[in-house]
Amino acid sequence: MQKSIAQLRIGEKGVITEFDCNLIPLKLIEMGCLPGNEVVLLQKAPLGDPLFLNINDSNLAIRLEMAKDIFIEISEE
């Protein structure tokens, strides 16, 4: 099932499938936000923004608006 990172539940995993390079900052791409890399939602801030993620063993926080533009395929485990 494909959805955006913003739709993940805490602890849920997925593999990045696509995103628009014009909407995602270069720094995020350099930190491993690339198609084929695994992403896990670790935490959400109390009001839901930002999201704390683990992407290919790198922990980072991204804004909810940015997470809506990164699409993943959910890992069935």
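The values are calculated or read from the model by the stated rules, or taken from the named source; none is laboratory data. Just so you know, these numbers come straight off a predicted model, no measurement behind them. Positions of Cβ are generated from backbone atoms using ideal geometry, with glycine treated the same way; all protein chains shown enter the neighbour counts.
How many residues are modelled with pLDDT under 85 and charged (D, E, K, R) if we restrict to the range 1-26?
Count: 1.
Please enumerate the residues belonging to the range 19-33 that are surrounded by 10 or more Cβ atoms within 10 Å (Cβ to Cβ) and closer than 19 Å to Leu64 by Cβ.
Residues satisfying the conditions are Phe19, Leu23, Ile24, Pro25, Leu28, Ile29, Met31, Cys33.
Under 6 Å between Cβ atoms, at least 6 apart or on separate chains: pull out the pairs that start in the range 47-63 with a residue that is at positive phi and end on any residue that is surrounded by 12 or more Cβ atoms within 10 Å (Cβ to Cβ) and not in a strand (DSSP E or B).
Between residues of the range 47-63 that are at positive phi and residues that are surrounded by 12 or more Cβ atoms within 10 Å (Cβ to Cβ) and not in a strand (DSSP E or B), the close pairs are Asn56/Gly32; Asn56/Asn37.
Return only the number of the condition from (1) modelled with pLDDT of 90 or more; (2) out of contact with any Ser or Thr (no Cβ under 7 Å at 6 or more places or on another chain) that Ile72 does not satisfy.
Among (1) modelled with pLDDT of 90 or more; (2) out of contact with any Ser or Thr (no Cβ under 7 Å at 6 or more places or on another chain), Ile72 violates only (2).
Could you name every one of the strands (runs of 3 or more DSSP E) located completely within the chain that has at least 2 residues being of a type in the set (A, V, I, L, M, F, W, C)?
Working: elements: 2-4, 13-19, 38-44, 51-55, 58-62, 70-74.
Here the list reads 13-19, 38-44, 51-55, 58-62, 70-74.
May I ask you to list the residues in the range 42-68 that are touching a Phe, Trp or Tyr at 6+ places or on another chain (Cβ under 6 Å) and either under 17 Å from Pro25 (Cβ atoms) or among the hydroxyl-bearing types (Ser, Thr, Tyr) (or both)? Don't jump to the end; show me each part of the working.
Within the range 42-68, the first condition is being touching a Phe, Trp or Tyr at 6+ places or on another chain (Cβ under 6 Å), and the residues that meet it are 42-43, 61.
The answer is Ala61, and nothing else.
Among Ile62, Ile16, Ile72, Ile5, which is the only one that is buried (at least 16 other Cβ atoms within 10 Å of the Cβ) and either among the acidic types (Asp, Glu) or touching a Cys at 6+ places or on another chain (Cβ under 7 Å) (or both)?
Details: Ile62 fails: either among the acidic types (Asp, Glu) or touching a Cys at 6+ places or on another chain (Cβ under 7 Å) (or both); Ile72 fails: either among the acidic types (Asp, Glu) or touching a Cys at 6+ places or on another chain (Cβ under 7 Å) (or both); Ile5 fails: either among the acidic types (Asp, Glu) or touching a Cys at 6+ places or on another chain (Cβ under 7 Å) (or both).
Criteria check complete, one pass: Ile16.
Can you tell me which residue in the range 26-40 is nearest to Arg63 (Cα to Cα), limited to those that are out of contact with any Leu (no Cβ under 7 Å at 6 or more places or on another chain) and in contact (Cβ under 8 Å) with a residue 24 or more places away in the chain?
Of all residues in the range 26-40, those out of contact with any Leu (no Cβ under 7 Å at 6 or more places or on another chain) come to 26-30, 32-38.
Still in the running and in contact (Cβ under 8 Å) with a residue 24 or more places away in the chain: 28, 32-33, 38.
Numbers: Leu28: 11, Gly32: 16, Cys33: 14, Glu38: 18 Å.
The residue in question is Leu28.
Looking at the range 40-50 only, could you name the residues that are over 18 Å from Gln2 (Cβ atoms) and buried (at least 16 other Cβ atoms within 10 Å of the Cβ)?
Taking the range 40-50 as the starting set, the residues that turn out to be over 18 Å from Gln2 (Cβ atoms) are 42-50.
Residues satisfying the conditions are Lys44, Pro50.
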